[in-house]
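*Asks:* Handing you this structure, nothing more for now.
Nothing in this text is a laboratory measurement; each read-out follows from the coordinates by a stated rule. On a predicted model such as this, the values are computed, not experimentally measured, just so you know. Neighbour counts run over all protein chains shown; Cβ positions are idealised from the backbone, glycine included.
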Amino acid sequence: MLIMKGKGKKQKTISAEKASSIFIQPYVTEKTFNVIEKENKLTFIVSERSTKKEILEAMKIVYEADTSEVNTAKTIRGKKAIIKFSTEGGARELATRLGLV
């Protein structure tokens, strides 16, 4: 269990169970394939109630990947998270492990 700290906020804990429930499915389109290669980012459909901090922590727990930032957007398919990886080629490596590439 990880403890998340925010500025002036109460500490939150995120369990492995909650972390795995955040990611619903990878979001795969022709555009997201280009983003994997050019910008080192991977896109997922995530739980509607998940926060950016929770998504980053869940990525560390579930996929053991180092991430630097996340952007979210609401779409017809649900909440979409575009996650940028810290390590060079991190998005491609995870996409390969997930069988997307």
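*Asks:* If you scan the stretch 55-75, which residues turn out to be closer than 15 Å to GLU17 by Cα, over 9 Å from the mean Cα position of the chain (by Cα) and acidic (Asp, Glu)?
*Replies:* Scanning the stretch 55-75 gives a single hit, GLU64.
*Asks:* Related question: For the stretch 35-57, what are the residues that are closer than 19 Å to ARG77 by Cβ and touching a helix residue (DSSP H, G or I) at 6+ places or on another chain (Cβ under 7 Å)?
*Replies:* Listed by number, the residues that qualify are ILE36, LYS41, LEU42, THR43, VAL46, SER47, SER50, ILE55.
*Asks:* Shifting gears a bit: So ASN34 ticks every box in (1) more than 23 Å from GLU17 (Cα to Cα); (2) without any contact (Cβ under 8 Å) to a residue 60 or more places away in the chain; (3) assigned to a loop (DSSP other than H, G, I, E, B) but one. Which box is left unticked?
*Replies:* The single condition ASN34 does not satisfy is (3).
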